[in-house]
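Asker: Submitted below is the structure of interest, expressed as structure tokens.
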Amino acid sequence: GVLHSGGGNLFCTSCNVTVDQLRLSDTLASKSCQIKLTIELDFTHQSDCGVRVQYLSFPQTLQIQAGNAECDFVLLQITKGNQMGIFHLKSFCDLRIHAEPRVPLMKFKSLYEQLIEEGQLKNLLMNQQLKSDGFYNEPLLNYKDMSYFGQISIGTPPQSFSVHFDTGSTRLWINSVYCKSEACTMHHLFNPEESSTYYSNGEPFSVHYVSGSLTGVIGYDTVSLQGLKVTKQEIGLSIKEPGKHFARPLHDGIMGMALKKPGGMTPIVDTMIQENLLEEPIFAFYLTNYPGQGSEVVFGGVDPTRYTGEIHWVPVTPGSHWQLVIDGFEIDHQETTWCSNGCSAIVDTGTSLLTCPPQFVDELYQKIGAQANEYGDYIVDCNNLNNLPTLTFIMNGAHLHVEPSFYTLVYHLRNGEKYCRLGIKGSHVEYRDGQPFWTLGDIFIRQFYTVFDQGNAQVGFAKVA
């Protein structure tokens, strides 16, 4: 994707760039010479550096002509639908460009949001259909607010499903026609008999949750997502799903993206790397708080338009759910002693909230000024959000500030009023590996563009643009 020459300027008067598969490449900080082309309409664009780009046809050829301007390089941005590539060119002739695929994530109102806004949460809690605190005890999933989903296809011909992209688990599992549980009657079901590329040796699998165990059989098939085609991917097909808990979420399955454990199921990102589908062994999440489109996960690179400043890298424990060490924690820029000897944390897109070690959470509520209500939520004055303290996580020398606009959740009620609660909950355990345990869920990730680097066993954070 990146063509480095022996230096010099753009003296090539005409050349062809062929775009065949969009795969994002690295970029440099400078953006002095830019070309932006949306591959949807037939038009010609003239850049500030005298470089002309004319759309001919996708995915065949883009014609690029350089004028007399002498630019050290040109930054070429190509977009098609939800895919985008940004390329640093010092010279170019008959260059083939690749940009990495990106999967748009849809944000829907969760069951909890709907109940709050419709004034029905109290009735449901009283009927014990949904326990206010039970869902936060799931070590991998959080059903109460989980609301980001992306589309994948499985099999040949492809069968489409909406799944949750979860860095807090490793398994890819999907609702299947084998499942007769009530939860499975409310989702799209994968039918392996309709796929010519599916095979299985009948090996069972199970995933354990507080509410029960999901059991099924392991199979192998082709998984496709936004131009990526992953063959022989290990997939769990559900046979039994616990209670009604899996019926309520909008997803048809979970795509685990944590680091592979020795002897464990092979996560799909590992298969992508093994099949040389990614330019780099990384993927990155951009999450917004807006309903519908806008959020995305990019495979094989990063999108520098989604963040500002530098990426701060933090090493993680190999074979973990992206587990790292927090060196310090501040409230309103005042150091606490909670992580003076280090805290443990996982970076988990499968947990919507920011979870705090339970031995500290009451003090955190008090310092923020939150009060518990009848639903078990900790609420704050909606008119005072800007005056709440900033929370700062110190990791590998970087001070990462989480502002109150990110750690509070605002609901607009039908009567025109607002309901504001903290997106913070106590973790399900006090310690992990002898250190106080946090979960950096979607509340945290919405503030930071988050890059998961499997090649170097590290996670990067940069402030969202």
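The values are calculated or read from the model by the stated rules, or taken from the named source; none is laboratory data. Quantities reported herein were computed from a predicted structural model and do not represent experimental measurements. Glycine also receives a Cβ, built like all others from the backbone with ideal geometry; neighbour counts cover every protein chain displayed. Surface accessibility is based on the protein's heavy atoms, side chains included, excluding ligands, DNA and RNA. Shrake-Rupley method; radii C 1.70, N 1.55, O 1.52, S 1.80 Å.
Asker: Which value in nm describes the separation of the simple spin-label points at Glu363 and Asp332, placed 7 Å from the Cα toward the beta carbon?
Answerer: Once both label points are built, they end up 1.5 nm from each other.
Asker: Now for a separate question. Considering only protein heavy atoms, what is the solvent-accessible area of Ser224 at a probe of 1.4 Å, reported in Å² to the nearest 10?
Answerer: Ser224 exposes around 30 Å² with every protein chain in place.
Asker: Carbon-plus-sulfur fraction of the accessible area of the stretch 302-345, 1.4 Å probe, in percent? Spell out each step's value before the answer.
Answerer: On the way: 950 of 1980 Å².
Whole-percent figure for carbon plus sulfur exposure: 48.
Asker: If you count only protein heavy atoms with a 1.4 Å probe, what accessible area per residue comes out for the stretch 379-424, rounded to a whole Å²?
Answerer: Values: 2240 Å² over 46 residues.
Here the per-residue accessible area is 49 Å².
Asker: Can I ask one more? Taking a 22 Å limit on the Cα-Cα distance, which of the listed pairs Lys240/Lys425; Lys229/Lys261; Lys367/Lys425 fall beyond it?
Answerer: Beyond 22 Å: Lys240/Lys425; Lys229/Lys261.
Asker: Once you keep just the Cα pairs under 8 angstrom separated by 6 or more residues, what percentage relative contact order results for the stretch 318-414?
Answerer: 28 percent
Asker: Report the gain in length on full extension from Thr197 to Ser153: 0.36 nm times residue separation, minus Cα-Cα distance, nm rounded to one decimal.
Answerer: Here the segment from Thr197 to Ser153 would lengthen by 14.6 nm.
Asker: A follow-up question, please. Under the rule of at least 5 residues apart or a separate chain, name every residue whose amide H is placed under 5 Å from the amide H of Ser176.
Answerer: Distant-sequence amide H within range of Ser176: Phe190, Ser238.
Asker: Express the carbon and sulfur contribution to the solvent-accessible surface of the stretch 388-465 as a percent, rounded to the nearest whole number, probe 1.4 angstrom.
Answerer: The computed percentage sits at 43.
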